[in-house]
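Peer 1: One structure, as structure tokens, below. Some questions next.
The values are calculated or read from the model by the stated rules, or taken from the named source; none is laboratory data. Small disclaimer: the values here were computed from a predicted structure and weren't measured. A quick note on method: Cβ atoms are made from the backbone with ideal geometry, for glycine too, and the neighbour counts reach across all protein chains shown. Quick note on the areas: whole protein, heavy atoms, side chains included, nothing else; ligands and nucleic acids left out. Shrake-Rupley method; radii C 1.70, N 1.55, O 1.52, S 1.80 Å.
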Amino acid sequence: MSNIKKIAVFTSGGDAPGMNAAVRAVVRSCIYNNVRVAGIYRGYQGLIEGDIEELTARSVNHILQRGGTVLKSARSKDFRTAEGRAKAHEKLLSNGVDALVAIGGDGTFTGAHFFNREFDFPIIGIPGTIDNDLYGTDYTIGFDTALNTVIDAVDKIRDTAASHNRLFFVEVMGRDAGFIAAHAGLASGALAVLIPEREMTIDQLLERLNEARRQNKSSSIVIVAEGGKSGDATEIAAHVAERMPYYDTKVTILGHIQRGGSPSCFDRNLASRLGVAAVEQLLKGKRDCMVGMVHHKVVLTPFEKAISDKYQLDNEVVRISDILSI
Ligand code: F6P
């Protein structure tokens with residue numbers, strides 16, 4: 001029998017489509033297991049300020065299909081201080097909370113790991129970020145939806161690019177990881193993908209563009225990851241325009257549109273499974289770790305490992321993209 005009688009759930013860091021589905025799953029699986037459940041608004045900042053509300057199964061009606069997070073999100077500076085964390089601990093005790101479920105990315109889990117060690121407080125994490133950059137899960141919640149948003153946008157850009165024989169540089173999110181760029185590049189038939197994981201110099205890019213001209217390609221899309229080493233899309237486009245003035249170059253920065261929208265079926269199901277798993281694992285006594293999905297099975301990874309180990313982008317994605325872009 002677990003001595004956990006009340007669990008609180010919160011979302012933190014950049015929001016991601018499917019976070020609401022995870023919140024719903026945590027809330028309902030608590031109630032299913034006769035455990036009380038509360039929602040903390042605005043992540044760690046809301047916790048410090050005591051912005052906590054008891055939830056019921058009905059509190060999470062009709063949020064499964066909604067993007068964003070109904071619990072709101074924030075990046076808290078106060079939680080980085082010992083004083084802030086002590087306040088957060090006090091609020092948990094005064095609200096009768098015995099354990100936490102943190103939905104977010106590596107910043108969220110770094111805070112959770114610290115808090116767990118400092119106060120010996122049970123916390124389990126659920127990976128929610130469009131970046132897909134967490135070790136311990138094949139996919140993070142939100143990545144699939146963000147990818148579909150990117151593909152939809154690039155398909156539209158391609159229509160106009162082809163009509164005007166233009167070269168488009170499309171910048172996508174991902175912070176310092178190239179998962180979104182590489183997967184979107186493959187799925188949208190991009191001519192080249194510039195990602196932090198693989199150096200492609202401007203000269204190599206120019207060579208690829210020259211080859212495309214020789215192959216009679218009249219328009220092309222280059223996907224640029226925001227964390228790429230060769231510069232951002234605007235800088236790269238400027239270099240190319242200078243060296244290849246005959247190209248009509250354009251830049252589109254997709255920005256926060258990638259974070260919004262109704263979660264895909266994949267993200268809803270992933271979030272639902274991980275939400276239930278997080279509660280079940282807490283009740284089994286697990287803590288200080290993240291639940292993830294590896295080869296379709298739920299696995300636990302210590303926060304320390306999830307934060308410090310690097311989830312490597314599969315080179316095959318880039319290799320196949322290169323083969324098919326000839
Ligand atoms: O981590 C998710 C993410 O969308 C990154 O891809 C991006 O670099 C960052 O968040 C943007 O953060 P903000 O919304 O705070 O500008």
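Peer 1: Please report the spacing between the Cα centers of region 200-259 and region 22-49 in Å, no decimals.
Peer 2: What the calculation gives is 44 Å, centre to centre.
Peer 1: Sum up the charges of everything whose Cβ sits under 12 Å from the Cβ of Val224, counting Lys and Arg as +1 and Asp and Glu as -1, but leave Val224 out.
Peer 2: Working: positive: Lys229; negative: Glu171, Glu226, Asp232, Glu235.
Every neighbour counted, the sum reads -3.
Peer 1: Could you check how much of the accessible area of the chain is carbon and sulfur, as a whole percent, using a 1.4 Å probe?
Peer 2: Values: 7220 of 14570 Å².
Using a 1.4 Å probe with all protein chains present, the chain comes out at 50 percent carbon and sulfur.
Peer 1: Please compute the per residue accessible area over the chain with all protein chains in place, 1.4 Å probe, rounded to a whole number of Å². Present the calculation step by step, with values, prior to reporting the outcome.
Peer 2: Values: 14570 Å² over 326 residues.
About 45 Å² of surface per residue is accessible.
Peer 1: Another question, if that's okay. Enumerate by residue number the trypsin sites (Lys or Arg not before Pro) in region 215-284 meeting two conditions: DSSP loop (anything except H, G, I, E, B), and at most 12 other Cβ atoms within 10 Å of the site's Cβ.
Peer 2: Values: sites: Lys217, Lys229, Arg243, Lys250, Arg259, Arg268, Arg273, Lys284; in loops: Lys217, Lys229, Lys284.
Within region 215-284, the qualifying trypsin sites (Lys or Arg not before Pro) (loop, at most 12 other Cβ atoms within 10 Å) are Lys284.
Peer 1: So if each residue of separation counts as 0.36 nm, and I subtract the Cα-Cα distance between His295 and Asp152, what length gain in nm does that give? Don't jump to the answer; show the numbers that get you there.
Peer 2: Working: separation 143, 0.36 × 143 = 51.48 nm, distance 2.71 nm.
In short, 48.8 nm is gained.
Peer 1: Separate question: Roughly speaking, what is the stretch gain from Gln215 to Arg80, that is 0.36 nm per residue apart minus the C-alpha to C-alpha distance, in nm to one decimal?
Peer 2: That works out to 43.2 nm of additional length.
Peer 1: Let me know the shape class of region 1-85, please: from the alpha-carbon gyration tensor, a ≥ b ≥ c as square roots of the eigenvalues, rounded when a/c is under 1.5, otherwise prolate if a/b is greater than b/c, or oblate. Could you put the intermediate results ahead of the total?
Peer 2: Working: a/c = 2.38, a/b = 1.23, b/c = 1.93.
It is oblate, given that a/c is not under 1.5 and a/b is not larger than b/c.
Peer 1: Taking θ = phi - 60°, what integer Hz values does the Karplus form 6.51 cos²θ - 1.76 cosθ + 1.60 yield along region 133-149, in sequence order, with x for Gly and Pro?
Peer 2: 9, 10, 6, x, 8, 5, 9, 9, 5, x, 4, 4, 5, 4, 4, 5, 5
Peer 1: Residues with beta-carbon under 15 Å from that of Arg58, excluding Arg58: net charge, scoring Lys, Arg +1 and Asp, Glu -1?
Peer 2: Here the charged neighbours net out to +1.
Peer 1: Rounded to the nearest 5, what is the percent of antiparallel bridges among the DSSP beta bridges in the chain?
Peer 2: On the way: 11 of 43 bridges.
Within the chain, antiparallel bridges account for around 25 percent of the total.
Peer 1: Calculated from DSSP H runs of 4 or more alone, at -39500 (n - 2.57) each and per residue, what is the 222 nm mean residue ellipticity of the chain, nearest 500?
Peer 2: Helices in the chain give a 222 nm mean residue ellipticity of -13500 deg cm²/dmol.
Peer 1: Mind listing the phi-derived Karplus ³J(HN,Hα) values for region 103-120, rounded to whole Hz, using 6.51, -1.76 and 1.60 with θ = phi - 60°, and x for any glycine or proline?
Peer 2: 10, x, x, 5, x, 4, 6, 5, x, 5, 5, 4, 5, 4, 5, 5, 10, 6
Peer 1: Hey, another quick one. So for region 169-264, Kirkwood radius off the Cα pairs, Stokes-Einstein at 20 °C and 1.002 mPa s: how many µm² s⁻¹?
Peer 2: Numbers: Rh = 13.7 Å.
Answer from the Stokes-Einstein relation: 157 µm²/s.
Peer 1: Take the Cβ-Cβ distance between His89 and Asp176 as r, set R0 to 35 Å, and report the resulting FRET efficiency rounded to the nearest 0.05.
Peer 2: Details: r = 31 Å, r/R0 = 0.90.
Efficiency for this residue pair is about 0.65.
Peer 1: Hey, which lysines would be in cross-link range of Lys250, C-alpha to C-alpha under 25 Å, not counting anything within fewer than 8 residues on its own chain?
Peer 2: Filter leaves Lys156, Lys217, Lys229.
Peer 1: If you don't mind, another one. In what sequence, highest mean first, do 16-23, 232-239 appear when ranked by Cβ atoms within 10 angstrom? Don't jump to the answer; show the numbers that get you there.
Peer 2: On the way: 16-23: 31.0, 232-239: 17.9.
The densest-packed peptide leads the list: 16-23, 232-239.
Peer 1: Is the shape of the chain best called rounded, prolate or oblate, per the rule: a/c under 1.5 gives rounded, else a/b larger than b/c gives prolate, else oblate, with a ≥ b ≥ c the square roots of the Cα gyration tensor eigenvalues? Present the calculation step by step, with values, prior to reporting the outcome.
Peer 2: On the way: a/c = 2.53, a/b = 2.34, b/c = 1.08.
Cα axes put the chain in the prolate bin.
Peer 1: Moving on to the next point. Once you place label points 7 Å from the Cα toward the Cβ at Ala162 and Lys229, how far apart are they in nm?
Peer 2: So the label points at Ala162 and Lys229 sit 3.5 nm apart.
Peer 1: While we're on this one: Where both residues lie in region 144-259, what percent of DSSP beta bridges are antiparallel, nearest 5?
Peer 2: Numbers: 1 of 16 bridges.
The antiparallel proportion sits near 5 percent.
Peer 1: Which of rounded, prolate, oblate describes region 35-83, given a ≥ b ≥ c as roots of the alpha-carbon gyration tensor eigenvalues and a/c under 1.5 marking rounded, otherwise prolate only if a/b is larger than b/c?
Peer 2: On the way: a/c = 3.88, a/b = 1.69, b/c = 2.29.
It is oblate, given that a/c is not under 1.5 and a/b is not larger than b/c.
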